[in-house]
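Only the coordinates and a few stated rules stand behind these numbers; no lab work does. The structure presented is a predicted model; accordingly, all values stated were derived computationally and were not measured. We place every Cβ from the backbone using ideal geometry, glycine too, and count neighbours over all the protein chains shown.
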Protein chains: 2
Amino acid sequence: MESLSKRTGGARPPDATLEVHLGYWLRLVSNEVSGAFARALHARQVSVAEWVALNQMSSSEAATPAKLAAAMGMTRGAISKVLDKLERKRLIARTTSPRDSRVQLLSLTAHARRTLPGLTEIADSNDRHFFSALAPGEQASLQRLLRRLAEAHGMTRIPVD
Amino acid sequence: MESLSKRTGGARPPDATLEVHLGYWLRLVSNEVSGAFARALHARQVSVAEWVALNQMSSSEAATPAKLAAAMGMTRGAISKVLDKLERKRLIARTTSPRDSRVQLLSLTAHARRTLPGLTEIADSNDRHFFSALAPGEQASLQRLLRRLAEAHGMTRIPVD
DNA sequence: TATTGTTATACTCTATAACTATA
DNA sequence: TATAGTTATAGAGTATAACAATA
């Protein structure tokens with residue numbers, strides 16, 4: 001750094017402003033990977049937010065709009081629209097809770113349970129496509145580093161966009 | 001994989017669908033890092049697309065809307081709107097090329113040259129904030145892995161969203 | 001009064017396609 | 001005809017705030 005500054009008369013390399021940031025490379029790769037995934041999902045008429053919601057509902061006992069909103073870091077209003085779309089596609093059902101009739105209980109339809117494995121396979125194959133460029137040990141390193149960052153900063157919300 | 005299936009009787013752990021994907025962790029961390037950066041830029045009334053455009057213009061000799069569109073992976077129409085906003089903020093100027101009057105030459109204003117270092121400092125400090133959770137060697141590893149993925153898949157567009 | 005879910009509204013971002021003016 | 005840039009229009013996605021029903 002010091003020597004570079006001296007060599008170039010104190011001026012920065014003019015085109016190095018963006019690429020020096022780790023955040024730049026993270027965003028570059030993440031956008032490509034997620035973008036390809038979103039396009040593959042889109043071919044099945046499913047958005048990433050819808051896919052995440054379906055997954056949440058399949059892995060948690062009692063899903064409600066409010067719980068989904070908290071888990072996905074979206075407002076209840078936004079979740080309501082996502083659920084409207086899923087309901088129109090006959091992938092979820094809403095039923096009023098018998099315990100508290102303000103609460104809507106969300107459940108996957110049989111159609112959704114048949115559809116979900118195919119969507120998971122899209123995610124699997126998208127992962128394989130991009131990360132097979134790394135050796136297995138490198139993939140493990142990458143995951144370890146990312147998980148460490150997530151833990152260090154308390155990242156808990158499921159990323160949707 | 002095989003042994004896991006046998007051990008669990010062929011059933012998958014029901015809540016492992018999302019977190020097993022490297023793409024999931026990549027998106028989780030990237031969204032947090034980029035989101036924090038976008039919010040910090042927003043406090044200076046600048047969007048990420050605007051910041052990228054300013055950087056491109058500061059590091060390339062002859063910037064034009066078409067070149068920016070290609071570099072940033074956006075349509076010319078979308079770039080035109082970004083440039084409108086930058087012009088309204090007096091950060092760029094558009095002048096007609098003397099060689100080809102269809103072409104608009106883009107340049108930074110003096111105000112932009114005074115503003116840009118502050119924005120770069122936001123990017124620097126955002127990087128420091130998030131990645132200081134990793135040791136220097138780990139940060140280097142992460143960058144190396146990400147760059148490898150970018151190269152392996154020919155990722156060249158500057159990520160904007 | 002507080003909470004759940006929905007709806008009304010608005011805003012940001014971007015794409016598509018039509019358009020103007022040059023070449 | 002082809003190209004550079006702009007503009008008109010539309011769509012996706014999400015937030016804010018007002019609302020109805022229930023606790």
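Summary table
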| item | result |
| --- | --- |
| Point-to-point label distance, B:SER59-B:SER80, nm (Cα→Cβ direction, 7 Å offset) | 2.8 |
| Lysine pairs within the protein assembly as shown, Cα separation less than 16 Å, 8 or more sequence positions apart or different chains | 4 |
| Cβ-Cβ FRET estimate between A:SER47 and B:ARG90, R0 fixed at 45 Å, reported to 0.05 | 0.75 |
| Relative contact order %, segment A:38-152, counting alpha carbon pairs below 8 Å whose residues are six or more apart | 21 |
| Structure-based [θ]222 nm, chain A - -39500 (n - 2.57) summed over DSSP H runs of at least 4, per residue, nearest 500 | -20000 deg cm²/dmol |
| Packing-based exposure ordering (other Cβ within 10 Å, fewest first) of A:SER125, B:SER47, B:SER30 | A:SER125, B:SER47, B:SER30 |
| Average beta carbon contacts from partner chains per residue of A:45-58, 10 Å cutoff | 1 |
| Modelled FRET efficiency - R0 35 Å, B:ASP100 with A:ALA133, Cβ distances, 0.05 increments | 0.30 |
| Peptide-level mean, for A:98-105, of C-beta atoms on other protein chains within 10 Å | 0 |
| Label zone at A:ARG144 (point 7 Å along Cα-to-Cβ), backbone N below 15 Å, segment B:131-161 | B:134-143, B:145 |
| Shape call, the protein assembly as shown: gyration tensor on alpha carbons, a/c limit 1.5 | prolate |
| Inter-chain shielding of A:125-134 (mean C-beta neighbours from other protein chains, 10 Å cut-off) | 4 |
